[in-house]
Amino acid sequence: MSGRIEAIEYTDAVCSTAWGAEPLLRRLDWRHGHHLTWRKVMGGLVGNAAAGKDAWDRVGAAVPMRAYWKRVWALTGMPYPNPMHLMLQSTDPLGQAVKAAELQGQEVAHAVLRRFREQIFIFGLGPQTPDEFDAATQGVRGLDHRRWRADQASEAVAAAYRADWEETRAPNDHVRNLKHDSPMNGELKHSEGHDRYALPTVIFRGPNGDHTVAGWVGYEEYVAGLEAALPGAAADPRPDPTPEQAFDRWPVLTAKELAFLCGEPAQPPADVVPYDWGDGLVYFAPAEARARGLAESAPA
């Protein structure tokens, strides 16, 4: 069948639940992307982690975040930073940097956001400054770094990020009335004096209206949201990728993603570079490994 659905994804690079949902959303986009147009809304999860904490510093704040994210790993199976070296004070500059990348195309912006997530949850470095953003995104295809850095400081990009921030804090009635007792649930959240969506929340907007999937859920709930927005949309999935196809589409796959996308017991292609993040493996396509300074002969 034909038809398009807008998937509006409320998210933030430092949100461990959103990171945990990456395998699910990648599978959804692979199988049903011919029906989907994605719009990522940068939610601004952390306004100022140092507020009211005179002794706060980025190194000292990293350790307790590692402990919290390890508990989320037990739920989602996606890596936690082990060790966590450097925390960020605010996700506002990071969210604004993603909006600046959108000026070079949605695919570029999606790649930048994913790189930020990998820098945090695989390498344990929370990017905070333009220099750190540049370091996290070396080798991103199509990203003009000089233009990007200038755009990050523009008033238009600041306004675009502020619009995302405000949209995240105007949750719909579904979320306001949601009662859910599962871990990382999608109920209405309250932070820094505002109501907001839980992260991630995805709204599927189609001919049958809006259908909201909030918080940490199973893959089937995303499919149900897709089907509700456009009846029949779930009936023509693309076959699951081979490992070779998966790495051609996504140059970095966690062990969880490889198994979830390609099925068990999927094996990575021979030329990918395994990286031990401290409690498991992440796999890098050769060009991506070079961009990260990883040895292509790294042992599995």
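Results, tabulated for the structure shown:
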item: Qualifying residue in the stretch 25-46 (condition: within 18 Å of the chain's Cα centre (by Cα), polar (S, T, N, Q) and open to solvent by less than 10 Å² (accessible area, probe 1.4 Å)); result: no
item: Residue within the stretch 111-121 that is under 15 Å from Trp250 (Cβ atoms) and open to solvent by 30 Å² or more (accessible area, probe 1.4 Å) present; result: yes
item: Hey, Ala49 farther than 23 Å from Ala170 by Cβ, small (Gly, Ala, Ser) and in a loop (DSSP other than H, G, I, E, B) or not; result: yes
item: Whichever residue in the stretch 143-169 is of a type in the set (A, V, I, L, M) and part of a helix (DSSP H, G or I) and, among such residues, is surrounded by the most Cβ atoms within 10 Å (Cβ to Cβ); result: Val157
item: Residue ID - farthest from the chain's Cα centre (by Cα), chosen from residues in the stretch 50-82 that are over 15 Å from Gly124 (Cβ atoms) and touching a residue at least 60 places away in the same chain (Cβ under 8 Å); result: Leu75
item: The one condition in (1) surrounded by 18 or more Cβ atoms within 10 Å (Cβ to Cβ); (2) at pLDDT 95 or above; (3) out of contact with any helix residue (DSSP H, G or I) (no Cβ under 7 Å at 6 or more places or on another chain) that Arg292 fails to fulfil; result: (2)
item: Test set (1) within 19 Å of Pro286 (Cα to Cα); (2) over 23 Å from the mean Cα position of the chain (by Cα); (3) open to solvent by 60 Å² or more (accessible area, probe 1.4 Å) - Pro269 fails condition number; result: (3)
item: Subset of the stretch 108-152 (residues that are closer than 20 Å to Trp73 by Cα and among the β-branched types (Val, Ile, Thr)); result: Ile120, Ile122
item: Residues that are in contact (Cβ under 8 Å) with a residue 24 or more places away in the chain and either surrounded by fewer than 20 Cβ atoms within 10 Å (Cβ to Cβ) or part of a helix (DSSP H, G or I) (or both), drawn from the stretch 124-142; result: Gln128, Thr129, Pro130, Phe133, Gln138, Gly139, Arg141, Gly142
item: Unique match (being modelled with pLDDT under 95, among the aliphatic types (A, V, I, L, M) and open to solvent by less than 10 Å² (accessible area, probe 1.4 Å)) among Ala74, Ala62, Ala55; result: Ala62
item: Cross-chain or 6+ apart pairs with Cβ under 6 Å, the stretch 226-237 first and under 13 Å from Leu36 (Cβ atoms), then surrounded by fewer than 22 Cβ atoms within 10 Å (Cβ to Cβ) and small (Gly, Ala, Ser); result: Leu226/Ala234; Glu227/Ala234; Leu230/Gly3
item: Selection within the stretch 1-45 - closer than 26 Å to Ala136 by Cβ and among the polar types (S, T, N, Q); result: Thr11, Ser16, Thr17
item: Check on Gln106, crowded, with 18+ Cβ neighbours inside 10 Å and at pLDDT 95 or above; result: no
item: Qualifying positions in the stretch 171-212 - touching a Leu at 6+ places or on another chain (Cβ under 9 Å) and among the hydrophobic types (A, V, I, L, M, F, W, C); result: Val175, Leu178, Met184, Leu188, Ala198, Leu199, Val202, Phe204
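So that you can scan it fast, the table gives a plain yes or no per residue for (1) in contact with a strand residue (DSSP E or B) (Cβ under 8 Å, 6 or more places away or on another chain); (2) of a type in the set (A, V, I, L, M, F, W, C); (3) surrounded by 14 or more Cβ atoms within 10 Å (Cβ to Cβ); (4) part of a strand (DSSP E or B):
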site	(1), (2), (3), (4)
Ala228	yes, yes, yes, no
Pro237	no, no, yes, no
Asp240	no, no, yes, no
Ala259	no, yes, yes, no
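The values are calculated or read from the model by the stated rules, or taken from the named source; none is laboratory data. Just so we're clear, the structure is a prediction, and the values are computed from it rather than from any experiment. In this analysis, Cβ positions are derived from the backbone assuming ideal geometry, glycine residues included, and neighbour counts consider all displayed protein chains. Just so you know, the surface numbers come from the protein's heavy atoms only, side chains and all, with ligands and any DNA or RNA stripped out. Shrake-Rupley method; radii C 1.70, N 1.55, O 1.52, S 1.80 Å.
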